Each structure stands twice: as structure tokens, then as C-alpha cells.
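Participant: One structure, pasted below without further comment.
The values are calculated or read from the model by the stated rules, or taken from the named source; none is laboratory data. Here the structure is a predicted model, which is why all the values come from computation and not from measurement. Here the Cβ is made from the backbone with ideal geometry for all residues, glycine too, and neighbour counts use every protein chain on show. Ligands, DNA and RNA are excluded from the accessible area calculation, which covers all protein heavy atoms including side chains. Shrake-Rupley method; radii C 1.70, N 1.55, O 1.52, S 1.80 Å.
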Amino acid sequence: MRLWVLGFVVGAWWLQQQASLPAYWALASILLALSVCLYLSAMPSLKRLLLICHLPPALTQTLIKPLIYTLLAVLIGFSWAALQAHYRLSESLPNEWEQKKITLIGVVASLPEVTERGQRFQFDVEQVLTPQAIVPSHISLNYYAPYVDPKITVVKPINAPLFHAGERWQLTVRLKRPHGSYNPHGFDFEAWALSEGMRATGSIHQKSGMQRLDEAVNSPQYVIAQVRERVGLHIAQALANKPYAGVIRALVIGDDSQITQQDWEVYLRTGTNHLMSISGLHITMLAGLVYGLTSLIWRRVPSLVLLLPTKKAAAIAGMITALLYAALAGFSVPTQRTLYMLMTVTLLLLQGRQLAFSRILALALLVVVIIDPWAVIAPGFWLSFGAVAVMAFACGARLARPNWLKEAVSAQWAVTLGLLPVLVMLFGQFSLISPIANALAIPVISFVVVPLSILGSLMPIDNPLLWAHSVLQACMWGMAWLSHLPMAVWQQAAPPIWALLLAMLGVLWSLLPKGVPLRWLGLICLLPLFLLPVTPINSGDMRVTVLDVGQGLSVVVNTAQHTLLYDAGPAFSAQSDAGSRVVNPYLQAVGITQLDAVVASHDDVDHTGGLASVFAQHPVHWVMSSLTPEANLLQSPHYLARPPQRQFQCHAGQSWQWDEVKFEMLYPEGKVNGEVKDNDKSCVLKITSIGGSLLLTGDIEKRAELALLARYPSEVLKSDVMIAPHHGSQTSSSPAFIAAVAPQAVIVSNGYLNRFRHPKSAIIQRYVAQQAQVYRSDYDGAIAMRFASKQPIALTAWRKAHPKYWHDAYP
């Protein structure tokens, strides 16, 4: 059974690696092949065939049949995942209805998330009123509150409706197909949207009117969402202005949107981020606590014991607790995994059956993948099931059970060592202080903070919530102190697959029971995971990656011994920016721990919005920019806490050389006049290597282009690759400037269906007329370039090189 389940999971995972879905006829062929294989495996002629081949009959039971059944399980898992994917994708928003006004009726299906500009929530579509419009049944909507000028002292009250879970509304919306940035080692939003069944995203068109039709829809999933919202409101009122109110909210209802980015950094550095929202650990601990209390009370009442044995009663109470807690969390995927395991254990106990823990884990694994085939591409899936499997492997089936303290230490050591290869592979880092931090935080949060938080959330008095917050605040003080230790986190480049597999084998060998010889050899198998060097760059060559940050710009330039970052993309909100979401994960995955230089082209939020997060994670030697001292970036806490060693104003004439690669600042000319637009203050940088040249233009417009044409001859401006000025705006890319640069390739960094409609088609045609190859970040994702001696420039579009079936195909 266990082998069959693993085969099913591998099949589902295999499907998620495909660039396109198999056709229905191909799936029918697979099912036919399955039937034939099952028939042949059961035929007596198979045994005769084995005898003819002089193979022992025992081989059938020990090798051939298990192999056949495992292969069948792989095919079944693949086919099941493919059918689910076909069904899910069939509900996608048609391209012709993107960004068009559509009127529809539906229900607010999730807990509305409060944003800086309004609200965001999921919406179940019940009826489409716009003729011929086709809309998916489950979408995500943003409500943006009307803009109010802060200079106005007297503001007329605006009757802006607030959306609540379970309400039925008639709305006019503008939608688009799910689309996110696509980068090496980055988060794939489109995969997440598919797994959530969210087949369109959009915003509410307020001028067309909004009408609430019903205050509450009496359906189980909406009632649960309403309860969660009321509980969240109670927490917000009881813990108003408290620093960790967002964490309490996450622990009770699973909404972690109110946790600050600074707090997340502490949790990641200490390896306690899994504790800061509803997880399988909390559900297990709470169910175990209720199990113990029920058992303690039940066995002391003879009439209750006669009615139902204590163990069964306690198991039922624990399962009900887990079910209610999972419902309070909105049945998130991590809670489902644990819930299925606990339900399996409870049902077996009620039936008086005993089953090996590995079989229970396999059943839970099978149920999760059947319900959600996309779970296999979520890091949390492998981490949660991996942690349980490692603990069972390391602590189970021993001759004698150690005392509780030794058992707890052994379990913590097993989880830390067992998950280490996966953490390095998925995130390029792991917390060195995680065992200490978790040893302190797990009992405090699971046995004190979580029960008090739930008790206070469901009671009319606020004292338990205040007590929970006080305990949590003391715990977080310790976590913050640990996170600031010099060697709190190990970071490195993502290892190759063979090093990961070897490390996992070494982990399993190291966790074998005492008495197994040469267990220390397992630790040696871990060495390639940490000691393999990053692929070197020859002197004079360079690698450049234009990251996909949406409507913004971020470019990473690597020479043999140095790294330069040119801009870091936009800020999305106070809690999120391209620096934390895109730039930092990329730098960590490729093994960059510090930056030799950062160029902030100009003071626009779509270029500098992510730099504060970069400064928080990476030491920077020097910064060059056109920013004034009052700029938001230079006043941000992250920048002030870790300022660069040196800071310069960019101006024409500056140059330096790294590893035989030349860097020249071509613009602006001297001190820029304060009346000049920010775009025309952009630092224009030309980089010349042995293998070719690159021109970084920021957001310069025609005025700056004319200045460059007047100052430099065409042979200075000429570059093999150019970043299109101002995202392909019609205010830039004049024909004379394009002719002077004469690029072989042009890269436009722009957001999908952005409100500026960049790039303009006329601008694209200008580049095409100059016989330049045009790349767009919204269509191509990140663009990786390799400039090498005596080789043509190699440009790789990430979407084209690593397509998935859930990605749209673009021209």
C-alpha cells in the first residue's frame, strides 16, 4: 500500500512538471494500458513465463508485482492529476474578456483582507449579467477606496461600502487571467492561483455602481467565513495597537496578512515561521491537549466509561477539536493534512484496528493528493509530511522508549537534520539557531498562546487574549535576540538535484538506530550539499539577469568576482515589495550574500520600492544614485540600520572596472536641475565586457535621449543589448536614439496589462524596424544573458525555457 501511494504521488508530481497537458485521447490510452497491465499481472501465464525465463516464482511477489503495481499507481496519479487540471483550466477567463467591464452577481467567499488602499477578497460568481460574457466561478477582486487628497482639511464623508464574508453583491468588474512574475527560484503565482481554483483576478469598477443584495448567504462555507470574520474583528478590537495582534489573528483564524514584514524576517531567521500561523503542529498539540483533558475527566466518571471507553471518547473529542480548529482556519492545506491523519487514527481506534504509523501517514498523503493534486508542488506539503515521516523514522520502532526529555531532543534533532537538505534546496538557506528557537517557542506557543488565544476569541471577555499577547510578546523578544546573532542563518546557492538526493540518503543513514555501523558516513554525504562551488565566471565575461518584477525594473550583473544591482523593482504595499518577493530569493538561490554596488536609477517607487528589503538582507559596499537626501529610500529604517560604506551621486564621466569588465556612467550631466523630471534624472549605465555590451537606461525620456545624442558619438552609445527606456513608453525610444544605440536585442520590463499600457505598439515597431529582437518581461518572464568571449550573446527567456501547462502562451 505504501509503495502504491508513493507511486500515485509521483504520478501527480510528474504531471505538474509538464509544459502542456496530455490530450483526452492520450489519457484514454493510458487507462487502456492500465487495464491490460492489471489483466496480465493476474494471469497464470505470467508465472509460466517466469519459469520459462528460469526466474524463481518468489520473484513475482517480491519484485515484479510490486514494480507493476507501482508503475500502475504512477500512471493513475498522472491521469487523475491531468483530469483535474483539464477541468480546472476549462473555467479560465477568455482572453477577449480581459479588462472589459462585466456585471455579475456573487458572494464574498473569503475573509476580506484589508489593504492600504481598500480590500481584497475571493468571490464566488453566481450569475453573469453582461450578455455573452464568460466568467470563472471563483475569482479574486480588489476594492480600491476613493482617493482623498491629504491636503484637503474638510473631507465630505464617502459612503464607501465595506465588504463582509457571506454577503451577496451585484458588481461591475474588470478582470484578467491569473498572471504573476516568473523568475528563477521565485514564487509562481499562476500555479498557486490554479491550486486555489482562482481563474481570474480583477478590480471593482465603482462608477458603474455596487449593490448589496443579501447581508448573509446561509451556506456552510459562507457561514464559516462569517464566523472567522467576526472572530478576527473581536481580536482586532481586543488587541488594538498591540504589536503582535496580527500573529494572534494568524494563530486563531489563519489570516497572516497583518503580520509585518519585519516580524516575518525574525521568524525566518529563527526557523519559527511555521509557528506563526495555524499549522499541523498547532492542531496536533491542541487535539492532544483536549485528548488528555477528556481522558483525565472521563475515566473518573464510571457511567461515562460504561457508555464509551475512555480512549475512544478522548479520541473523538480530540478529532472534533481538530475539525473545529481547521474550520476556523478556513480549511487551509496545512490544516487539512493534519486533520486527515487525525481522522484516520480516530476511525481506526473506534473500529478497534491497529495500523502502522507509516500506513496512516500514507493514507493521509493519498487523501491530500486526491483532493488537491497541486499540493505536490507546494513547499509546505513536503516540509509537513517530511517532518512527520522523519520523526517516525528516527523515533519509532526502538527497543525501549527513552524519557520524555531525551525523546523531545531526539525528535527535534531528527526534524532539523531531516529537513535540512529540503530547506537548502527550496529556500537556499536554513536557520542555524532553529533547534534552540523551536525548543523554546513550540511549547510556549502551542500549549499557552494558542489555547489562550482561542479561548479569548470565543469568549465575551478579552483577558485571555491579553494574556496570550503578553506571553507571545515575551517569547518574541527572545526570538528577536536570537535572530540578531551573527551566524543565525546559513545561506548558499541552490544545489543540484544529485547533491540533494545524496544528502537525503545520508540523512536517513545518520538517523538509523544506535548500533548500526558507520552512521557517521551519512554526514559525509551532506558535504556536497554545502561545498559545491557556484559555476564560475571567467574574467572579462559577465552574466546579467533582468528580473521579472512587473511594472518596474531590476537587473543583476555578475562578473567574475563582483555583483551589481541596478534597481530593485516596485513596492506593492507596506508589507510587500519586489525586493523581498523577487530580488532577495534570486540572490540567495544563486549564492550572492553581499552586493558590491547598487545603482538606484531615480526616485520612482517602481525602481527603488524594493531596495529597502535588499539592504535589510545584504551588506552593500557602495550606492550610486540620483536621489536627494530626502528620498524615502535614504530615510527608510532598513537603509539607516545597514547603510552602505559609501554613497555617490551618479553623473556622466564616472567609470570603473571589475574583472576586465568596464562600467561607464553616461548620464545625467553633472548636478541635475531640480526642475528636471525624475525620469530624466535616471542614471544611464553602459557595461562593456569581452562578449558584448549592455545599456541600462532607467526611465529616461526624449529630453535625456537628446542630451545623450548631443554628448556622445554613436560608437559610444552603441550597445548589443539595451533595456528599453521607461518600459516602452511613447515618451521615450526616439528613432534617433534607437539608431544610435543599434541594439541587437531590447528588453522591455513591464507589468501584464498595466494601467499605462506599456509598451506602446508604435515603440515596439520602431525596434522591430531596426531589426532588434524584442523581449518583454510580461510575456517572457526573467531574461538571463551570458556575455562570454568568442561566443554570441546567449539570451534565455524564463517563460520560454521553463514553461508549465498553467502558463499562457504569448506571442
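Participant: Pairs, please: C-beta under 7 Å, at least 6 apart or cross-chain, first residue farther than 13 Å from Tyr24 by Cβ and in region 82-98, second of a type in the set (A, V, I, L, M, F, W, C) and part of a helix (DSSP H, G or I)?
Facilitator: Partner pairs satisfying both residue conditions: Arg88/Leu194.
The rows are residues; the columns are (1) surrounded by fewer than 17 Cβ atoms within 10 Å (Cβ to Cβ); (2) part of a helix (DSSP H, G or I); (3) touching a residue at least 12 places away in the same chain (Cβ under 8 Å); (4) out of contact with any strand residue (DSSP E or B) (no Cβ under 9 Å at 6 or more places or on another chain).
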{"residue": "Ile436", "(1), (2), (3), (4)": "yes, yes, yes, yes"}
{"residue": "Pro443", "(1), (2), (3), (4)": "yes, yes, no, yes"}
{"residue": "Ser446", "(1), (2), (3), (4)": "no, yes, yes, yes"}
{"residue": "Pro451", "(1), (2), (3), (4)": "no, yes, yes, yes"}
{"residue": "Trp481", "(1), (2), (3), (4)": "yes, yes, no, yes"}
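Participant: Within region 276-312, track down each residue that is closer than 27 Å to Ala437 by Cα and in a loop (DSSP other than H, G, I, E, B).
Facilitator: Once the filter is applied, which keeps residues that are closer than 27 Å to Ala437 by Cα and in a loop (DSSP other than H, G, I, E, B), region 276-312 yields Met276, Ser277, Ile278, Ser279.
Participant: Could you run through region 80-105 and say how many residues are open to solvent by 80 Å² or more (accessible area, probe 1.4 Å) and among the small types (Gly, Ala, Ser)?
Facilitator: Within region 80-105, residues that are open to solvent by 80 Å² or more (accessible area, probe 1.4 Å) and among the small types (Gly, Ala, Ser) number 1.
Participant: Restricting attention to region 711-730, which residues are over 34 Å from the mean Cα position of the chain (by Cα) and assigned to a helix (DSSP H, G or I)?
Facilitator: Result: Arg711, Ser714, Glu715, Val716, Leu717.
Participant: Looking at region 163-210 only, could you name the residues that are at pLDDT below 95, of a type in the set (Phe, Trp, Tyr) and in contact with a Phe, Trp or Tyr (Cβ under 8 Å, 6 or more places away or on another chain)?
Facilitator: Phe163 - this is the single residue of region 163-210 that is at pLDDT below 95, of a type in the set (Phe, Trp, Tyr) and in contact with a Phe, Trp or Tyr (Cβ under 8 Å, 6 or more places away or on another chain).
Participant: Being under 16 Å from Trp477 (Cα atoms) and open to solvent by 10 Å² or more (accessible area, probe 1.4 Å) is the filter here, so list the residues in region 262-279 that pass it.
Facilitator: First pass over region 262-279, keeping only residues under 16 Å from Trp477 (Cα atoms): 262-273, 275-276.
Of everything in region 262-279, those that are under 16 Å from Trp477 (Cα atoms) and open to solvent by 10 Å² or more (accessible area, probe 1.4 Å) turn out to be Gln262, Asp263, Trp264, Glu265, Val266, Leu268, Arg269, Gly271, Asn273.
Participant: In addition: Before we move on, is Ala710 small (Gly, Ala, Ser), open to solvent by 70 Å² or more (accessible area, probe 1.4 Å) and farther than 29 Å from Phe615 by Cβ?
Facilitator: Spelling it out, Ala710 is indeed small (Gly, Ala, Ser), open to solvent by 70 Å² or more (accessible area, probe 1.4 Å) and farther than 29 Å from Phe615 by Cβ.
Participant: Related question: Would you mind listing the strands (runs of 3 or more DSSP E) fully within region 612-702 where at least 3 residues are out of contact with any Cys (no Cβ under 8 Å at 6 or more places or on another chain) and free of Cβ contacts under 8 Å to residues at least 12 places away in the same chain? Spell out how you get there, then give the answer.
Facilitator: On the way: elements: 620-625, 646-649, 655-658, 661-667, 684-689, 692-696.
Qualifying strands (runs of 3 or more DSSP E): 655-658.
Participant: Then there's this: Only one of these is more than 21 Å from Val746 (Cα to Cα) and either β-branched (Val, Ile, Thr) or outside any helix (DSSP H, G or I) (or both): Pro517, Pro585. Name it.
Facilitator: From the options Pro517, Pro585, the qualifying one is Pro517.
Participant: Just checking, does region 244-254 include any residue being closer than 27 Å to Val450 by Cβ, touching a Gly at 6+ places or on another chain (Cβ under 7 Å), part of a helix (DSSP H, G or I) and free of Cβ contacts under 8 Å to residues at least 40 places away in the same chain?
Facilitator: Yes, that holds for at least one residue.
Participant: So the check is Cβ under 8 Å with 6+ separation or different chains; which pairs have a first residue in region 782-807 that's within 21 Å of Gln551 (Cβ to Cβ) and a second one that's among the basic types (Lys, Arg)?
Facilitator: Ala784/Arg543; His807/Arg799
One line per residue, one yes/no per condition, for (1) among the hydrophobic types (A, V, I, L, M, F, W, C); (2) at pLDDT below 90; (3) open to solvent by 70 Å² or more (accessible area, probe 1.4 Å):
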{"site": "Ile497", "(1), (2), (3)": "yes, yes, yes"}
{"site": "Leu500", "(1), (2), (3)": "yes, yes, no"}
{"site": "Val507", "(1), (2), (3)": "yes, yes, no"}
{"site": "Ser510", "(1), (2), (3)": "no, yes, no"}
{"site": "Leu518", "(1), (2), (3)": "yes, yes, yes"}
{"site": "Gly522", "(1), (2), (3)": "no, yes, no"}
{"site": "Leu527", "(1), (2), (3)": "yes, yes, yes"}
{"site": "Phe530", "(1), (2), (3)": "yes, yes, no"}
{"site": "Ile537", "(1), (2), (3)": "yes, no, no"}
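Participant: Continuing with this model, one more query. Which one is surrounded by the most Cβ atoms within 10 Å (Cβ to Cβ) among residues in region 410-433 that are touching a strand residue (DSSP E or B) at 6+ places or on another chain (Cβ under 7 Å) and part of a helix (DSSP H, G or I)? Steps first, please.
Facilitator: As a first pass, look at region 410-433 and keep what is touching a strand residue (DSSP E or B) at 6+ places or on another chain (Cβ under 7 Å): 420, 423-424, 428-432.
Adding the requirement that they be part of a helix (DSSP H, G or I) leaves 420, 423-424.
On the way: Leu420: 19, Leu423: 19, Val424: 23.
Looking at residues that are touching a strand residue (DSSP E or B) at 6+ places or on another chain (Cβ under 7 Å) and part of a helix (DSSP H, G or I), I get Val424.
Participant: Would it be correct to say that Gln221 is part of a helix (DSSP H, G or I), open to solvent by 40 Å² or more (accessible area, probe 1.4 Å), closer than 30 Å to Leu93 by Cβ and in contact with a strand residue (DSSP E or B) (Cβ under 9 Å, 6 or more places away or on another chain)? Step through it out loud before you land on a result.
Facilitator: Values: part of a helix (DSSP H, G or I): yes; open to solvent by 40 Å² or more (accessible area, probe 1.4 Å): yes; closer than 30 Å to Leu93 by Cβ: yes; in contact with a strand residue (DSSP E or B) (Cβ under 9 Å, 6 or more places away or on another chain): yes.
So Gln221 fits the description; yes.
Participant: Still on this structure: Residues in region 730-737: is at least one at pLDDT 95 or above, open to solvent by 10 Å² or more (accessible area, probe 1.4 Å) and at positive phi?
Facilitator: The answer is no; no qualifying residue exists.
Participant: So Lys804 passes all but one of these: (1) of a type outside the set (Asp, Glu); (2) over 15 Å from Phe189 (Cα atoms); (3) surrounded by fewer than 18 Cβ atoms within 10 Å (Cβ to Cβ). Which condition number does it fail?
Facilitator: Result: Lys804 fails condition (2) only.
Participant: In addition: Would you check if Ile134 is in contact with an Asp or Glu (Cβ under 6 Å, 6 or more places away or on another chain) and either open to solvent by less than 50 Å² (accessible area, probe 1.4 Å) or within 26 Å of Tyr805 (Cβ to Cβ) (or both)? Working first, answer last.
Facilitator: Values: in contact with an Asp or Glu (Cβ under 6 Å, 6 or more places away or on another chain): no; either open to solvent by less than 50 Å² (accessible area, probe 1.4 Å) or within 26 Å of Tyr805 (Cβ to Cβ) (or both): yes.
Against the criterion (in contact with an Asp or Glu (Cβ under 6 Å, 6 or more places away or on another chain) and either open to solvent by less than 50 Å² (accessible area, probe 1.4 Å) or within 26 Å of Tyr805 (Cβ to Cβ) (or both)), Ile134 does not qualify.
Participant: What do you reckon, is Tyr779 in a helix (DSSP H, G or I) and in contact (Cβ under 8 Å) with a residue 12 or more places away in the chain?
Facilitator: The answer is yes for Tyr779.
Participant: Further question on the same structure: Which numbered condition trips up Leu286, out of (1) modelled with pLDDT of 90 or more; (2) crowded, with 21+ Cβ neighbours inside 10 Å?
Facilitator: Every condition holds for Leu286 apart from (1).
Participant: Determine, yes or no, whether Ala762 is over 24 Å from Ala578 (Cβ atoms) and either of a type in the set (A, V, I, L, M, F, W, C) or at pLDDT below 95 (or both).
Facilitator: yes
Participant: Residue by residue through region 738-762, note down the ones that are in a loop (DSSP other than H, G, I, E, B), within 21 Å of Ile687 (Cα to Cα) and open to solvent by less than 10 Å² (accessible area, probe 1.4 Å).
Facilitator: Restricting attention to region 738-762, the residues satisfying the condition of being in a loop (DSSP other than H, G, I, E, B) are 742-744, 749-760.
Filter once more, keeping what is within 21 Å of Ile687 (Cα to Cα): 742-744, 749.
Scanning region 738-762 gives Pro743, Ser749.
Yes/no per residue for (1) of a type in the set (A, V, I, L, M, F, W, C); (2) at pLDDT 95 or above; (3) surrounded by 20 or more Cβ atoms within 10 Å (Cβ to Cβ):
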| position | (1), (2), (3) |
| --- | --- |
| Val598 | yes, yes, yes |
| His607 | no, yes, yes |
| Ser613 | no, no, yes |
| Leu633 | yes, no, yes |
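Participant: Could you tell me whether region 601-608 includes any residue that is without any contact (Cβ under 8 Å) to a residue 60 or more places away in the chain and of a type in the set (Val, Ile, Thr)? Walk me through how you get there before you give the answer.
Facilitator: Start the filter on region 601-608 by keeping residues that are without any contact (Cβ under 8 Å) to a residue 60 or more places away in the chain, which leaves 605-606, 608.
With of a type in the set (Val, Ile, Thr) added as a condition, the list becomes 605, 608.
Scanning region 601-608 turns up at least one residue that is without any contact (Cβ under 8 Å) to a residue 60 or more places away in the chain and of a type in the set (Val, Ile, Thr).
Participant: Is it fair to say Arg228 is touching a His at 6+ places or on another chain (Cβ under 8 Å) and surrounded by 20 or more Cβ atoms within 10 Å (Cβ to Cβ)?
Facilitator: Details: touching a His at 6+ places or on another chain (Cβ under 8 Å): no; surrounded by 20 or more Cβ atoms within 10 Å (Cβ to Cβ): yes.
No; evaluated as a whole, the condition is false for this residue.
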